[in-house]
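In what follows, a structure is listed as structure tokens, so that the remarks can point back to it.
Computed from the coordinates by the stated procedures, all read-outs in this text should not be read as laboratory data. Here the structure is a predicted model, which means the values were calculated and not measured. Here Cβ is always computed from backbone atoms with ideal geometry, including for glycine, and neighbour counts include all displayed protein chains.
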Amino acid sequence: MERSLARVEHLVLEVTETMLKDLGCEVVTAPGANEALEKLSTDRRIEVLITDINMPRMDGYELARAAVRMRKRLKVIVLSGRETEGCGFPLIRKPFLLRDLVETMRRTTGLC
């Protein structure tokens, strides 16, 4: 089960990365929350954090809060197939289509 879940998470990351690149975004990915925070601390070009809510060790809400504390102007979008509330962050429900990502990006980040 754990191996299958990791594979699904990786596929979601790949599909989301491809969608963002198709929109003309420069994309930086991270396999987990700690790696994402490290990249945010060193790469000031990052303007938007898109994170899944359900992750091991640190969930997406915790990551989003830590990221915003680190970078006040950072825009955050959370993804989930189970949650119905973004806890103050814009939420995209999985599975999602490119148009869902575009609409949420346009509405919440001003990008796209």
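A few remarks follow.
- Between T108 and K39, the modelled labels are 1.8 nm apart [label points 7 Å from Cα along Cα→Cβ].
- MRE, 222 nm, helices only [DSSP H, n ≥ 4, -39500 (n - 2.57), over the chain, to nearest 500]: -15000 deg cm²/dmol
- Taking all Cα pairs closer than 8 Å and separated by 6 or more residues, the relative contact order of region 55-107 comes to 23 percent.
- Tensor-based shape of region 72-112 (alpha-carbon gyration tensor, a/c under 1.5 rounded, otherwise prolate or oblate): oblate
- A Förster radius of 25 Å, combined with the Cβ-Cβ distance separating R69 from E26, puts the computed FRET efficiency at roughly 0.55.
- Summary value for the chain: 17 percent relative contact order, contacts being C-alpha pairs under 8 angstrom separated by 6+ residues.
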